[in-house]
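These notes concern the structure reproduced below.
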Amino acid sequence: MNADRPYQNAKKNSDKQNARIEHDKALERAILSLITDDTELFKQFMDNQDFKKWLADTVFGLTYGSAA
């Protein structure tokens, strides 16, 4: 997440809500890139809303407060 430019820009120049929106988009891009390597993770992310929310909340919590 910390390498994603739109998310980093939102963290620096926007409020927490917009940073969360960019974070969630970045997370989806990262998960989509895993589709060929880890289909079970991709399937869980796409089909299991509880898992998707948990993963998004966890990664956002770990990255939002970190230095850009």
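The values are calculated or read from the model by the stated rules, or taken from the named source; none is laboratory data. Computed from a predicted model, the values in this text were never measured in an experiment. Virtual Cβ from ideal backbone geometry, glycine too; neighbours counted across all protein chains shown. Accessible surface areas use protein heavy atoms only, side chains included; no ligands, DNA or RNA. Shrake-Rupley method; radii C 1.70, N 1.55, O 1.52, S 1.80 Å.
Here are some notes:
- Looking only at segment 43-53, and only at residues there that are within 17 Å of Ala26 (Cβ to Cβ) and out of contact with any helix residue (DSSP H, G or I) (no Cβ under 6 Å at 6 or more places or on another chain), the one that is surrounded by the most Cβ atoms within 10 Å (Cβ to Cβ): Met46
- So Asp15, is it among the charged types (D, E, K, R) and surrounded by 13 or more Cβ atoms within 10 Å (Cβ to Cβ): no
- Summed over segment 1-42, residues that are at pLDDT below 90, over 10 Å from the mean Cα position of the chain (by Cα) and in a helix (DSSP H, G or I) total 6.
- Selection count, segment 3-12, where residues are touching a helix residue (DSSP H, G or I) at 6+ places or on another chain (Cβ under 7 Å) and either farther than 14 Å from Ala56 by Cα or open to solvent by 100 Å² or more (accessible area, probe 1.4 Å) (or both): 4
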